[in-house]
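One structure is given here, and the rest of the page talks about it.
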2 protein chains.
Amino acid sequence: MFDFEPIGTRAKEASRELAQAETRKKDRALEIIAEELLKNKRAIIDRNRVDVKAAEEKGIKSSLVDRLYLNEKRIEGIAEGVQKVITLQDPVGLVDSGETRPNGLRVIKVRVPLGVVGIIYESRPNVTVDAAVLCLKSGNAAILRGGSDAVNTNVFLAEIMRKALEDSGLPRNGIQLLTDTSREAANAMMKAHGFINVLIPRGGAGLIRSCVENSTVPVIETGVGNCHIYVDSSASIPMALDIVDNAKTQRPGVCNACETVLIHRDIAEDFLPKLKKRLDAHNVELRGCEITRMILGNCVVPATEEDWATEYLDYILAVKVVDNIYDALEHIRTYSTRHSECIVTESFTAAQEFQRQVDAAAVYVNASTRFTDGFELGLGAEIGISTAKLHARGPMGLRELTTIKYLITGNGQIRQ
Amino acid sequence: MFDFEPIGTRAKEASRELAQAETRKKDRALEIIAEELLKNKRAIIDRNRVDVKAAEEKGIKSSLVDRLYLNEKRIEGIAEGVQKVITLQDPVGLVDSGETRPNGLRVIKVRVPLGVVGIIYESRPNVTVDAAVLCLKSGNAAILRGGSDAVNTNVFLAEIMRKALEDSGLPRNGIQLLTDTSREAANAMMKAHGFINVLIPRGGAGLIRSCVENSTVPVIETGVGNCHIYVDSSASIPMALDIVDNAKTQRPGVCNACETVLIHRDIAEDFLPKLKKRLDAHNVELRGCEITRMILGNCVVPATEEDWATEYLDYILAVKVVDNIYDALEHIRTYSTRHSECIVTESFTAAQEFQRQVDAAAVYVNASTRFTDGFELGLGAEIGISTAKLHARGPMGLRELTTIKYLITGNGQIRQ
């Protein structure tokens, strides 16, 4: 039986110290982390090659090996991310609101860290640093549980960060990595109510579901994005082509990539051949409804019920011709994971109706779904994209890693 | 096997309609509810007498029967609560923030209902109305599961509200009551991920724990209040007596009542006899540490480890003499349920240290813990008091029954 208690206890102790740490001290630790990442590029890559080689030998598909892979440029990107976090405002101690009540009680709502944040993630080793530094800046202790595929890389990255904490007078255990990548250890983490204040899973639908079903710790569901673009009859065709192309192919392995395009039947005959031509340039496989196949021919694979529900994360796109916006809304209601949904239209009424009716973290008019991202939406950074409705929805930045407490000050008030 | 799906499906359908309902229409339904409660006072009391009589026959203790009991005045109080909700601002559609990004994307964060809110509660029938009308005003569908003790009262109250919804052109199923009060039905509700967006349990520690352990639906833990008052050596003795007396005896059966008093040893000999005299007037039983018993004598029951951890909800108070503020903070850290904690002090430094270090929803200086309440803190009303850290902490009002969505509008922006 995996014993989570020692890790949990260390995290709780560290979280108390981090909650009170001055911003200066936390920023100093972040500076050291960024410096050490750059100094140790070669060593990180060496560790990463071991993980990549093992993954390739296991026959993992190339888009997933890409997630695992680090090179000089990507490490520089991670270090830049850390530098960026230094420039962000520390959310701890910010006053959300305050007032004096009629009885003279002074009431202030002040932001405080959540405490201990657990992150369970899959292959991307950059998450190890991205997530840990956001927890650190917001005064939380982090417990990281990365995928077994990246364990060599992750252990090295975590050690760099723990040393940086120590060198800046903060507790090493403010960042802990679970090196046991067994399912049992992950389950123990999910059951660590009382030790972990929130669990943020980052990965595929299976991981998220497992956390929701097994956790007694509060979970924020993230990142599963079965995102749709509805091309309305009034859409500008060149704009729609640009948006679909970008949302599908600019980086297909991420959650805000488009997985299904819905096309108003009035423009399907004009639009579909042009779309096919654009996507052929990236070898995108199309899986279409019957009408799509009538227009484009048998080169289009017939779409099944499963296709409508699948987040491909790959160069595959499902295509469906719909009768009107209500048909599109109904399809989205049925299959959406409530991440990012888009309409391309020139109709004011259609745009309003779509934004009003669609229930998702981000609802777009005439822009690529790829913008659902902490940097792009101005949060500065993100620890994940919440598809849940509680606490945080959409990109989660530093503020979403805090909670509030009421500070209430009186001079003897009692309740009548 | 209890089948939750029909109830869940009806709630989801109703929630879509309620999410789009105009404030006027929702307020009209609230007006009808308030009117019908007053018109039906006699009938409500008749139903309630059946429940109260059954509870008394089962030998339920008087403080709990009091929670169940309705009379004209209490029904008028419930109706006034509904009237009050009409005057509160509808949170749906409020814009939290917005900006135009450097690439021209216009980003708006707008508040939208959570969807379907589940409430599992125990004996108080007022919760049936209080919770349902807050869900209604915030555009959510409510599924209520009250205790079996109050089932006759609850069925009648729910029927009044469902009829009011219908009479104002809103879906009856915006409010549903689970009349099956079996454990199986409650468990089915906890597993209704995909139907219920948040589960708010209101009741004792056992109910809350059961929800946390069994739910796949996100739970907001509420209301378990093992609240402490620390009387510092510098405290004004008359103020401390007033505050402890009020926090313990003004309404002992509620979560923000005080359960343990911690007293600085330098004032214990002066303070304790005065405290005993004040509390004797309400027949409060004291359970004390050894020093307390040395000072007050054997009339004080020896406190056990269990006493420190118990939310009595009764005329019982645990008393402990501590060496200093750090000793008090350590005791609070160990036993607090992170609801409401108080220091009585004239020392600026002690006040600051206490508010900084204590991790709880509400941290008081020189005021009764009884103020942790939606009305008292200016939220207008509350659906519960969250002792969790995610989404809401402390009293939950209308705003806490909403989430946000990002509305993002462009003119063809794609990601580079």
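The values are calculated or read from the model by the stated rules, or taken from the named source; none is laboratory data. Just so we're clear, the structure is a prediction, and the values are computed from it rather than from any experiment. Here the Cβ is made from the backbone with ideal geometry for all residues, glycine too, and neighbour counts use every protein chain on show.
What the table shows:
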item: Members of the stretch A:148-160 that are surrounded by fewer than 21 Cβ atoms within 10 Å (Cβ to Cβ) and out of contact with any Asp or Glu (no Cβ under 8 Å at 6 or more places or on another chain); result: A:Ser148, A:Val155, A:Phe156, A:Glu159
item: Answer residue from the stretch B:375-391, given it is in contact with a Ser or Thr (Cβ under 9 Å, 6 or more places away or on another chain) and small (Gly, Ala, Ser) and is surrounded by the fewest Cβ atoms within 10 Å (Cβ to Cβ) among those; result: B:Gly380
item: Residue within the stretch B:353-374 that is buried (at least 24 other Cβ atoms within 10 Å of the Cβ), of a type in the set (Gly, Ala, Ser) and more than 7 Å from chain A (Cβ to nearest Cβ) present; result: no
item: Lone unmet requirement of (1) at positive phi; (2) within 11 Å of chain B (Cβ to nearest Cβ); (3) in contact (Cβ under 8 Å) with a residue 12 or more places away in the chain; (4) touching a Lys or Arg at 6+ places or on another chain (Cβ under 8 Å) for A:Gly378; result: (3)
item: Boolean, A:Ile316 is modelled with pLDDT of 95 or more, in contact with an Asp or Glu (Cβ under 8 Å, 6 or more places away or on another chain) and either surrounded by 14 or more Cβ atoms within 10 Å (Cβ to Cβ) or not aliphatic (A, V, I, L, M) (or both); result: yes
item: Which listed residue, of A:Asn152, A:Asn226, A:Asn140, is closer than 27 Å to A:Gln83 by Cα, in contact with a strand residue (DSSP E or B) (Cβ under 8 Å, 6 or more places away or on another chain) and of a type in the set (S, T, N, Q); result: A:Asn140
item: Among residues of the stretch B:219-256, those that are within 12 Å of chain A (Cβ to nearest Cβ), surrounded by 22 or more Cβ atoms within 10 Å (Cβ to Cβ) and over 16 Å from B:Gly394 (Cβ atoms), counted; result: 9
item: Residues of the stretch B:336-389 that turn out to be aromatic (Phe, Trp, Tyr) and modelled with pLDDT under 95, as a count; result: 1
item: Members of the stretch B:331-345 found to be within 10 Å of chain A (Cβ to nearest Cβ) and surrounded by fewer than 22 Cβ atoms within 10 Å (Cβ to Cβ), listed by number; result: B:Arg333
item: Number of positions in the stretch B:161-206 that are buried (at least 18 other Cβ atoms within 10 Å of the Cβ), of a type in the set (Ser, Thr, Tyr) and under 15 Å from B:Leu144 (Cβ atoms); result: 0
item: Residue list for the stretch B:294-313, filter: crowded, with 18+ Cβ neighbours inside 10 Å and not in a helix (DSSP H, G or I); result: B:Val300, B:Ala303, B:Thr310, B:Glu311, B:Tyr312, B:Leu313
item: Any hit, the stretch B:230-253, residues being of a type in the set (Val, Ile, Thr) and under 15 Å from B:Tyr121 (Cβ atoms); result: no
item: Condition check for A:Val129: under 16 Å from the mean Cα position of the chain (by Cα) and within 26 Å of A:Pro395 (Cβ to Cβ); result: yes
item: B:Arg101, sole failed condition from (1) crowded, with 20+ Cβ neighbours inside 10 Å; (2) without any contact (Cβ under 8 Å) to a residue 24 or more places away in the chain; (3) of a type outside the set (Val, Ile, Thr); result: (1)
item: Some residue of the stretch B:391-402 being assigned by TED's automatic domain parsing to the domain that holds B:Ile243 and of a type in the set (Gly, Ala, Ser); result: no
item: Checklist (1) in contact with a strand residue (DSSP E or B) (Cβ under 7 Å, 6 or more places away or on another chain); (2) without any contact (Cβ under 8 Å) to a residue 24 or more places away in the chain applied to A:Lys12, failing item; result: (2)
